[in-house]
1. Express the accessible area of the chain per residue in Å², computed with a 1.4 Å probe while the remaining protein chains stay in the model.
2. Read through the labelled values [x] 19.3, 64; [y] 21.4, 65; [z] 18.1, 52 and report the label of the one computed as Rg and Dmax of the Cα atoms in Å from the structure.
3. Run lengths n ≥ 4 of DSSP H only: what is the helix-derived mean residue ellipticity at 222 nm for the chain, with -39500 (n - 2.57) per run over all residues, to the nearest 500?
4. Quick one: net charge of H200's neighbours, Cβ under 9 Å, K/R +1, D/E -1?
5. Rounded to the nearest Å, what's the spacing between the alpha carbon centres of the stretch 65-88 and the stretch 133-157? Just the number, please.
6. So how many Lys-Lys pairs in the chain land under 27 Å Cα to Cα, not counting same-chain pairs under 8 apart?
7. Under a 10 Å cutoff between Cα atoms, tell me which one of P223, P56, P167 has the largest fluctuation in the Gaussian network model of the chain.
8. On the protein heavy atoms, probe 1.4 angstrom, tell me the percent of accessible surface of the chain carried by carbon and sulfur.
Amino acid sequence: MRLLKGLESRVRGLRRRASPLFWAGDAVHCPVCQRSFRGFRPAGKRQVRRENAICPYCTARERDRLAYLVLCGPNAPPAGSPILHIAPEACLQPRLRELAAGDYVSADLVRTDVDQRFDVMAIPHADASFFGIYCSHVLQDVPDDILAMEELFRILKPGGWAILNVPVTAEKSVDHPDRPGRRRQTLDSRPAEHLRTYGHDFEQRMASVGFEMHVTRSGDMVPPDDQARFGIAGPAAGAIFMGMKPS
């Protein structure tokens, strides 16, 4: 198993180095790494395959590129420290470190390349410990997402912000804890995926724990031509759900 994982890691490394050359061009532009390509790499397999999805250089996905535009735009969350980054995306870490003025903490339940490991339903930090939180595409895999959001709200300082992005694919959110969308393989220690399907009521779900909500979509950031060039025109870019803790 270790041998296979090592081989898989080496293959990924070779692909990362060769990918920018293979996709050389100027049809699309990644706002995260500020590089242009003939297209973005596809993602997923079979029925869930997405064309024009992943940056060949920094691996930013559609939702990451939209998030970066928000994090750097005129309505970006205010700088302050510390900032907690859950299930951290490498492409967004530099910008979040800037906002945190160096006081940046990464965390995950099972990953070993983070500063801390904990369950978001039982966060081992005191009330009002963080000024900012970034947590994307995690809550759909958490058994009790309301409890997790209450915990995230609890550890925020008054006046702080939390970006809690999720995939919204239905009209109304539905929990199905006994029927996860994908079962993990036997030797995979990560939790089951997709314990609920989120709908357009997620904003209200997040507000129910106390957040003052600000939702940003691609059309709020750039005109249609730039949405296509940045690869954020489709539904995979989603929306940025930012909640502020009242001061």
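1. 53
2. After the calculation, the listed value that fits is [z].
3. -8000 deg cm²/dmol
4. -2
5. Spelled out, the Cα-based centre of one part sits 16 Å from the other.
6. So the count works out to 4.
7. P223
8. Roughly 52 percent, rounded to a whole number.
The values are calculated or read from the model by the stated rules, or taken from the named source; none is laboratory data. These numbers come from a predicted model, not from an experiment. Positions of Cβ are generated from backbone atoms using ideal geometry, with glycine treated the same way; all protein chains shown enter the neighbour counts. Keep in mind that these areas ignore ligands, DNA and RNA; they rest on the heavy atoms of the full protein, side chains included. Shrake-Rupley method; radii C 1.70, N 1.55, O 1.52, S 1.80 Å.
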